[in-house]
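> Quick one: structure below, then a few questions.
The values are calculated or read from the model by the stated rules, or taken from the named source; none is laboratory data. Computed from a predicted structure; not experimentally measured. Here the Cβ positions follow ideal geometry from the backbone for every residue, glycine too, while neighbour counts run over all protein chains shown.
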């Protein structure tokens with residue numbers, strides 16, 4: 001009986017040892033798998049055969065919408081605000097009063113200058129009659145004329161100051177901001193409101209010097225404002241003649257019609273059409289990958305992936321034209337996200353893309 005128990009214990013111990021050895025081997029295998037060369041794993045990919053095709057360039061850039069006219073309206077004279085006649089969002093017409101300052105003193109000064117001017121004119125009339133009668137000298141009539149002219153200038157200046165106490169809209173538009181309130185003292189040059197003309201809008205984008213030669217005045221453009229889900233048509237109205245400071249890009253202005261959904265300051269994307277028909281290698285956008293500041297694609301070289309640096313030269317719908325790929329190269333279009341140079345691949349050709 002004792003021998004049977006010893007024998008049973010021996011079997012149990014042997015089984016435990018075998019289990020421990022199996023688990024250890026499994027852990028070592030798992031660890032080895034974690035550090036295995038990724039090139040040994042075959043990746044299934046889809047590719048296309050690159051062929052030159054005719055395409056029309058489309059230039060895509062982004063910018064911020066602004067009103068056709070935008071101005072910060074400032075006071076042309078100083079005084080205390082008596083009345084603010086508009087609020088933010090109000091639509092105003094050119095010449096419409098926005099703010100009225102205390103103009104009592106300006107009115108009195110204008111009246112005083114008018115009296116002085118009227119007197120100078122009467123004095124001049126009398127002097128002219130006396131001069132015709134040879135009763136006064138040339139110097140006397142000249143002084144009378146200069147006196148009347150000086151009084152006229154003083155009156156016109158006083159009248160303008162009086163009129164400037166009512167601050168008016170320089171053009172028709174919408175009040176975007178109000179910067180003063182009743183009772184506030186304002187000085188000449190102080191901002192009192194912001195006015196925006198959104199009857200039409202403009203979008204200024206920066207275009208590279210390489211693309212600038214393909215754009216002309218009047219070229220059609222599609223402006224996409226994703227914030228409001230709106231797409232509108234416009235056209236190129238101006239092309240900058242000087243590069244933007246610190247860059248090799250030129251400002252291009254696109255004019256679009258006003259819309260109740262569009263606002264000055266909205267981020268927008270412009271697609272500018274060109275008439276430049278040319279041949280090039282067109283690839284789906286998903287074939288293009290970023291790589292440490294460069295743009296790359298993967299080509300199929302036998303049964304492995306080969307990295308190629310490319311340059312995007314144009315956009316054409318949902319595809320891009322590139323340099324750095326030759327006609328006949330097999331470019332990997334899907335499954336390329338996990339590839340590195342030399343990764344084994346299993347390739348299937350996308351015949352639709354290859355046509």
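> Out of everything in the stretch 167-177 that is at pLDDT below 95 and assigned to a strand (DSSP E or B), what residue ends up being surrounded by the most Cβ atoms within 10 Å (Cβ to Cβ)?
Filtering the stretch 167-177 for residues that are at pLDDT below 95 and assigned to a strand (DSSP E or B), the one surrounded by the most Cβ atoms within 10 Å (Cβ to Cβ) comes out as 173.
> Right, here's the next one. Which number in (1) modelled with pLDDT of 85 or more; (2) surrounded by 14 or more Cβ atoms within 10 Å (Cβ to Cβ) marks the one condition that residue 338 misses?
Exception for residue 338: condition (2).
> Here's a follow-up. Of the conditions (1) farther than 29 Å from residue 308 by Cα; (2) crowded, with 18+ Cβ neighbours inside 10 Å, residue 281 fails just one. Which one is it?
If we test residue 281 against (1) farther than 29 Å from residue 308 by Cα; (2) crowded, with 18+ Cβ neighbours inside 10 Å, just (1) comes out false.
> Kindly indicate which of 291, 329, 306, 259 is surrounded by fewer than 16 Cβ atoms within 10 Å (Cβ to Cβ) and more than 21 Å from the chain's Cα centre (by Cα). Step through it out loud before you land on a result.
Values: 329 fails: surrounded by fewer than 16 Cβ atoms within 10 Å (Cβ to Cβ); 306 fails: surrounded by fewer than 16 Cβ atoms within 10 Å (Cβ to Cβ); 259 fails: more than 21 Å from the chain's Cα centre (by Cα).
291 is the lone residue from the list that is surrounded by fewer than 16 Cβ atoms within 10 Å (Cβ to Cβ) and more than 21 Å from the chain's Cα centre (by Cα).
> Something else about it: Which residues, counting only those in the stretch 91-113, are surrounded by 15 or more Cβ atoms within 10 Å (Cβ to Cβ) and under 33 Å from the mean Cα position of the chain (by Cα)?
Those that are surrounded by 15 or more Cβ atoms within 10 Å (Cβ to Cβ) and under 33 Å from the mean Cα position of the chain (by Cα): 92, 98, 99.
> With touching a residue at least 40 places away in the same chain (Cβ under 8 Å) and over 29 Å from residue 266 (Cα atoms) as the only criterion, which of 79, 67, 150 stands out?
79
> Within the stretch 201-229, how many residues turn out to be buried (at least 16 other Cβ atoms within 10 Å of the Cβ) and more than 18 Å from residue 274 (Cβ to Cβ)?
4
> Right, something else. If residue 157 satisfies every condition in (1) surrounded by 15 or more Cβ atoms within 10 Å (Cβ to Cβ); (2) in a helix (DSSP H, G or I); (3) touching a residue at least 24 places away in the same chain (Cβ under 8 Å) but one, which is the exception?
With (1) surrounded by 15 or more Cβ atoms within 10 Å (Cβ to Cβ); (2) in a helix (DSSP H, G or I); (3) touching a residue at least 24 places away in the same chain (Cβ under 8 Å) applied to residue 157, the lone miss is (1).
> Considering every residue within the stretch 59-66, establish whether at least one is touching a helix residue (DSSP H, G or I) at 6+ places or on another chain (Cβ under 9 Å), surrounded by 16 or more Cβ atoms within 10 Å (Cβ to Cβ) and at pLDDT 95 or above. Lay out the reasoning, then the answer.
Filtering the stretch 59-66 for residues touching a helix residue (DSSP H, G or I) at 6+ places or on another chain (Cβ under 9 Å) gives 59, 61.
Those left that are additionally surrounded by 16 or more Cβ atoms within 10 Å (Cβ to Cβ): 59, 61.
Next cut, at pLDDT 95 or above only: none.
No; the residues of the stretch 59-66 include none that is touching a helix residue (DSSP H, G or I) at 6+ places or on another chain (Cβ under 9 Å), surrounded by 16 or more Cβ atoms within 10 Å (Cβ to Cβ) and at pLDDT 95 or above.
> Residues to consider are 345, 296; find the one that is free of Cβ contacts under 8 Å to residues at least 60 places away in the same chain, assigned to a strand (DSSP E or B) and out of contact with any helix residue (DSSP H, G or I) (no Cβ under 8 Å at 6 or more places or on another chain).
296
> For the stretch 180-199, give me each residue that is closer than 22 Å to residue 66 by Cα and buried (at least 16 other Cβ atoms within 10 Å of the Cβ).
Within the stretch 180-199, 192, 193, 194, 195, 196, 197, 198 meet the criteria.
> Name the residue, out of 245, 268, 264, that is part of a loop (DSSP other than H, G, I, E, B) and under 14 Å from the mean Cα position of the chain (by Cα).
264
Residues checked against (1) modelled with pLDDT under 90; (2) part of a strand (DSSP E or B); (3) more than 30 Å from residue 339 (Cβ to Cβ); (4) not assigned by TED's automatic domain parsing to the domain that holds residue 284:
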{"position": "46", "(1), (2), (3), (4)": "no, yes, no, no"}
{"position": "72", "(1), (2), (3), (4)": "no, yes, yes, yes"}
{"position": "77", "(1), (2), (3), (4)": "no, no, yes, yes"}
{"position": "81", "(1), (2), (3), (4)": "no, yes, yes, yes"}
{"position": "86", "(1), (2), (3), (4)": "no, no, yes, yes"}
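Residues checked against (1) more than 24 Å from residue 224 (Cβ to Cβ); (2) outside the structural domain of residue 43 (by TED's automatic domain parsing):
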{"site": "241", "(1), (2)": "yes, yes"}
{"site": "302", "(1), (2)": "yes, no"}
{"site": "321", "(1), (2)": "no, no"}
{"site": "334", "(1), (2)": "yes, no"}
{"site": "340", "(1), (2)": "yes, no"}
